[in-house]
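Working notes for the structure below.
The values are calculated or read from the model by the stated rules, or taken from the named source; none is laboratory data. Here the structure is a predicted model, which means the values were calculated and not measured. Ideal geometry is used to build each Cβ from the backbone, glycine not excepted, and the neighbour counts take in all protein chains shown.
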Amino acid sequence: MNRRGRRSGSLPLCCTILLLAGRAVPARAAEQPVAIFHAFDQAFVDVEGFVCELAAQGYSHIQVAPAQKSNPSEEWWARYQPIDYSVIEGKGSEADLRSLVTKAHSCGVKVVADVVFNHMADVPEFHDLDFPGIDHTNFHPGCGIDYADGNRTSELDCWLGTLPDLDQSKPAVQAAQEAHLRKLLDLGIDGFRFDAAKHMPADALQRYLDFIRDQTGGAAWSYLEVIEDGDTKASDYTSVAPVTDFVLYASMKAAFEFGGDLRSLRVPTAADDPRSVTFGRVHDNIRELNPQAINPYADRTDALLATTYVLAREAGTPLVLNWDNHDFAPIRAGVKFRQIVRQRGASGGFVKENVLAVVESPTLLVMERGNEGFYVVNKAAERFDVPALDLTLTDLEGCYRELRNDFDVAIERRGDKKFVTRWGTWSRGGMAVEGRDALYFIREPWSQCQLR
């Protein structure tokens, strides 16, 4: 959700014992997602129809639209304007959401729910600020936000454009929102995204996260939407939970856009948290969705290539927009790559992320994941083609298969050096990557390169 004003239209540890539902539940650490599919603005019944396909692709989690009753407009932003936290309505009923969660769990996918706790709706029938369970005494007075005044008071206490700002210290607000969390948990929800988190005090967010932990024994994985501005930094919230990594987003955008240099990503600037939620695009930075989009890409393909990069990394928790997963085949290969590398790391494989300096080019990036695999992206329009590639100073060696195009690459020692001796066929070595493309390679037994 855009935090800078009104939307278009109406825009504005392991052994602790906890009691849960009358039974003792051992606390456990929540599993960091492999990758999260953002089912942006999709009906619950529609998501249920393809969720197991996402499991086969490699996704561990899906994120669904805010479930509470909201502004009745059909526009996407209306889902981020709550009216009644006690009712599931908008993208489906309570029964629809329960059915989706049941189906997702049947194929090993966990469900993250988007929750909107900072503010409520701007609709005429509630202009007296008396919503079900939350009356006018539970809101901050109306005022405008200044994102660069040197303090965070207005970000925390003022309204998002015309959206009334809830006072998180009020017992009625806490009760209504904890009841909403409990309802979602009872439906089987596995984690939460807290919308507009930078507009809520860190201690209020911590209270809700503690409530979720107590209800689940620590099993829920949640994160916070934090968009940096002149007064707010990701580090203001990383001690509470993982945050959306708009720091890395800005670094990637500078590198992937026309005239940018991918070598700047050899040591990327990012939020100081390996759990942070990383992305090439989210609904807040797409100009077609919002005229106030935050730092949008001029060329969508640059954003898609940036998404392939976050999927290749060791750090971060990739969030992939539904449209992008559907439209760009390298992204689907990247999710599978990430799943395989995660599994191999868990079983003792060497998977550390390292952007290699084997090619001096502003438009081509090569990243190894230990000796288990590697990733190549070419942001240029032209094909990149070199007849020889020295990989002596890398961890890569052996046979690797490209996941999307199913061809083999061999990396062999020649004396005291290592080279790519096969790229697709034994008749050529080096590297060839089409323009505006990304490739993912997974280590295979040497016999595969010998047989094919």
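Among N325, N290, N295, which is the only one that is under 20 Å from the mean Cα position of the chain (by Cα), within 26 Å of R193 (Cβ to Cβ) and at pLDDT below 95? Unique residue meeting the criteria: N290.
Could you please find all residues in the range 227-240 being among the polar types (S, T, N, Q) and part of a loop (DSSP other than H, G, I, E, B)?
So the first thing to find is which residues in the range 227-240 are among the polar types (S, T, N, Q), and the list is 232, 235, 238-239.
Across the range 227-240, the qualifying residues are T232, T238, S239.
The set of residues in the range 175-218 being over 25 Å from I134 (Cα atoms) and surrounded by 20 or more Cβ atoms within 10 Å (Cβ to Cβ) consists of D190, T216.
Checking every residue in the range 179-191 against the condition of being within 28 Å of Y249 (Cβ to Cβ) and in contact with a Ser or Thr (Cβ under 9 Å, 6 or more places away or on another chain) gives at least one match.
One line per residue, one yes/no per condition, for (1) farther than 26 Å from P132 by Cβ; (2) within 19 Å of the chain's Cα centre (by Cα); (3) at pLDDT 90 or above; (4) not assigned by TED's automatic domain parsing to the domain that holds L403:
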position: S10; (1), (2), (3), (4): no, no, no, yes
position: F40; (1), (2), (3), (4): yes, yes, yes, yes
position: V47; (1), (2), (3), (4): yes, yes, yes, yes
position: N71; (1), (2), (3), (4): no, no, yes, yes
position: P82; (1), (2), (3), (4): no, no, yes, yes
position: R98; (1), (2), (3), (4): no, no, yes, yes
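When every residue of the range 383-400 is checked against the conditions, none turns out to be aliphatic (A, V, I, L, M), surrounded by 20 or more Cβ atoms within 10 Å (Cβ to Cβ), not in a loop (DSSP other than H, G, I, E, B) and not assigned by TED's automatic domain parsing to the domain that holds A329. One residue stands out in the range 150-209 among those that are in contact with a Gly (Cβ under 9 Å, 6 or more places away or on another chain) and of a type in the set (G, A, S): the one that is farthest from S239 (Cα to Cα), namely G161.
For the range 39-67, a residue qualifies if it is aromatic (F, W, Y) and either over 17 Å from I189 (Cα atoms) or outside any helix (DSSP H, G or I) (or both), and the qualifying residues are F40, F50, Y59. Evaluating R443 against the criteria (1) over 17 Å from R369 (Cα atoms); (2) surrounded by 15 or more Cβ atoms within 10 Å (Cβ to Cβ) leaves one unmet condition, (1).
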